[in-house]
Structure formats: C-alpha cells, structure tokens
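To start, the structure under review is shown below, and the notes come after it.
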Amino acid sequence: LPAEMRRLAPHFNHYYAPRRELQTKSAFCAAEDQLIALGIRRYGTSRLDLIRNHLLPSKSAAQLEQRYVEATRRRAAENPIKRAKREVVLSVLLPAEEMLLRQAVGRFGEHWARIREVYLPNRTAQQLRECWEFKLKPGALDAPPPLPA
C-alpha cells in the first residue's frame with residue numbers, strides 16, 4: 001500500500017481532503033470549569049487564589065489565570081465561567097448587601113478592599129464603591145451621576 005500511495009501522491013490535491021476539526025487542548029475538564037464558576041460566584045472575579053486554595057488545589061495560580069482569561073474573552077464560546085463572571089459583575093447589590101455595605105462603611109470608612117474582604121467577598125471593590133457613591137451615600141441621589149471618562 002505505501003508504494004501505491006507514493007505513486008498517487010503527485011496527483012493528490014490536499015485541498016480536497018476532509019479537514020480535521022480543530023480541537024482545543026485544555027488542561028481543564030468541564031467539571032473543573034464548573035468549580036471555577038462556583039468559585040467566581042462565591043469569591044468574586046479577582047480572587048483566583050481563594051478558588052485555587054478551596055476548590056482546585058491541583059491547579060497552579062497561573063493555570064487558573066490563563067483559563068479564566070481564555071474562557072472570558074469576548075470571542076470565547078458560551079461557557080460556565082463566562083456566565084458566572086457576567087452574573088457577578090453585572091448584578092445589582094441586593095437589599096441585604098446594601099445594608100451590609102452601610103454597616104461596613106460605618107466601620108471601615110471608604111476602604112473598599114477591606115470591606116470586600118470582610119463583608120462582601122463576592123463583589124468587586126469597584127462595585128461597592130459605585131453603589132456607595134451613586135446610591136447609598138447621603139445626598140447621592142440628589143446629584144446626577146458623573147459622565148464616563
């Protein structure tokens with residue numbers, strides 16, 4: 001058979017051959033993606049170290065960071081990590097969270113990272129600051145919100 005293939009090779013046009021489907025090589029299985037999504041919902045998008053420590057100790061911090069970036073790219077297909085990020089980042093604070101935020105600001109002042117760490121670890125410091133500045137701060141509803149830069 002190899003001799004016959006060599007004889008026919010000059011007549012073969014590789015453009016007509018069926019293409020192999022590109023397969024993505026990922027070090028993560030679907031269950032691990034689900035664990036990352038759970039960690040994002042529980043700890044927020046910027047605490048991959050906690051996700052690694054509590055949910056995926058077998059993966060390195062660099063692997064988790066790379067998987068998170070790949071999965072949340074604009075052109076990435078819909079996946080659990082992308083959905084979890086969207087839920088956490090785009091969600092509005094619940095009334096109970098707003099109450100906690102008021103207590104936290106009374107205790108820590110406007111130290112958003114500390115408030116996030118102690119009271120609301122599933123929210124970003126930016127979300128907490130914006131909610132306080134534009135909604136909860138005394139007199140916030142009187143002034144119009146600033147224009148984006």
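Just checking, how many residues over region 131-141 are touching a Pro at 6+ places or on another chain (Cβ under 9 Å) and open to solvent by less than 70 Å² (accessible area, probe 1.4 Å)?
Adding up the residues that qualify gives 1.
Can you say whether Arg86 is surrounded by 15 or more Cβ atoms within 10 Å (Cβ to Cβ), of a type outside the set (Asp, Glu), modelled with pLDDT under 90 and assigned to a helix (DSSP H, G or I), as far as the supplied structure shows?
no
State which residue is least open to solvent (accessible area, probe 1.4 Å) when the search covers only region 110-130 and only residues that are in a loop (DSSP other than H, G, I, E, B) and without any contact (Cβ under 8 Å) to a residue 60 or more places away in the chain.
Leu120
Search region 9-34 for residues that are modelled with pLDDT of 60 or more and pair each with any residue that is open to solvent by 60 Å² or more (accessible area, probe 1.4 Å) when their beta-carbon atoms are under 7 Å apart and the residues are at least 6 apart or on different chains.
Once the first residue is modelled with pLDDT of 60 or more and sits in region 9-34, its partners that are open to solvent by 60 Å² or more (accessible area, probe 1.4 Å) give Ala27/Gln63.
Identify, please: which residue in region 93-109 is open to solvent by 90 Å² or more (accessible area, probe 1.4 Å) and more than 15 Å from Arg41 (Cα to Cα) and is, among those, farthest from the chain's Cα centre (by Cα)?
Step by step, filter region 93-109, then rank; the result is Arg107.
In region 53-104, which residues are closer than 18 Å to Ala31 by Cβ and of a type in the set (D, E, K, R)?
Lys59, Arg67, Glu70, Glu78, Lys82, Arg83
The values are calculated or read from the model by the stated rules, or taken from the named source; none is laboratory data. Everything numeric in this text was worked out from a predicted model, so none of it was measured. Note: ideal-geometry Cβ built from the backbone for every residue, glycine included; neighbour counts use all protein chains shown. Remember, those area values only see protein heavy atoms, side chains included, never the ligands or the DNA or RNA. Shrake-Rupley method; radii C 1.70, N 1.55, O 1.52, S 1.80 Å.
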